[in-house]
1. Computed FRET efficiency, Cβ-Cβ of Ala73 and Ala7, R0 22 Å: what is it to the nearest 0.05?
2. Starting from 0 in steps of 5 Å, tell me what percent of the Cα-Cα pairs of the stretch 1-106 lands in each bin.
3. Evaluate the relative contact order of the stretch 3-116 (contact order divided by residue number), counting alpha-carbon pairs under 8 angstrom at least 6 apart; express in whole percent.
4. Based on the mean of other Cβ atoms within 10 Å per residue, sort peptides 87-99, 54-66, 107-119 so the most packed one is first.
5. How large is ³J(HN,Hα), in whole Hz, for each residue of the stretch 109-117 in order, when computed from phi with the Karplus curve 6.51 cos²θ - 1.76 cosθ + 1.60 and θ = phi - 60°, using x for Gly and Pro?
6. Along the charge dipole of the stretch 3-116, pointing to its positive end and built from +1/-1 on Cβ of Lys, Arg, Asp and Glu, which listed residue (Gly29, Cys57, Gly17) has its Cα farthest out?
7. Which of Val48, Val15, Val80 moves most in a GNM of the chain, Cα contacts under 10 Å?
8. Give, as ranges by residue number, the residues of the stretch 19-57 whose backbone N falls under 20 Å from the point 7 Å along Cα→Cβ of Asp92.
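Readers should treat all values here as calculations from the given coordinates under stated rules, not as data from a laboratory. Quantities reported herein were computed from a predicted structural model and do not represent experimental measurements. Neighbour counts run over all protein chains shown; Cβ positions are idealised from the backbone, glycine included.
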Amino acid sequence: MQGSERASRARALGVGGEDMAAAWYSARGYEVVARNWRCREGELDLVVRYGRVFVFCEVKTRSSDAFGAPVEAITRAKQVRLRHLAARWLEDEAPVQARQIRFDVASVLAGVLEVMEGAF
């Protein structure tokens, strides 16, 4: 498999995982307000809200656990970066002032979704 084909498969896998996570939140009454929000400092995979509660969800998708569980990819440095990105998003994009924020991790392994609410 060539590099561009491998990258395309990885993107499709990631998009599928994000679709599963977005559907999971929607089924629970959350509104998806941003997907793949980008700024110079990085990207937020999924921002959802329930009233004035905003949830920033990092989605990690793997086809197997050969390189570890998806959630293991959320290092301390990644958590810090996500907190900074969330603050930036809230300042620049939030439609209302947040009453509460939460950081979740959606882990998709071989097509099975697990959402860790309040992961960090």
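1. 0.80
2. Final binned percentages: 2, 12, 21, 22, 20, 13, 6, 3, 1, 0.
3. It comes to 27 percent, rounded to a whole number.
4. On the way: 87-99: 12.3, 54-66: 19.0, 107-119: 14.5.
Final packing ranking: 54-66, 107-119, 87-99.
5. With coefficients 6.51, -1.76 and 1.60, one gets 10, 6, x, 9, 8, 9, 10, 9, 6 Hz.
6. Looking along the dipole axis, the top candidate is Cys57.
7. Val80
8. Of the residues in the stretch 19-57, 32-49, 54-57 have backbone N under 20 Å from the label point off Asp92.
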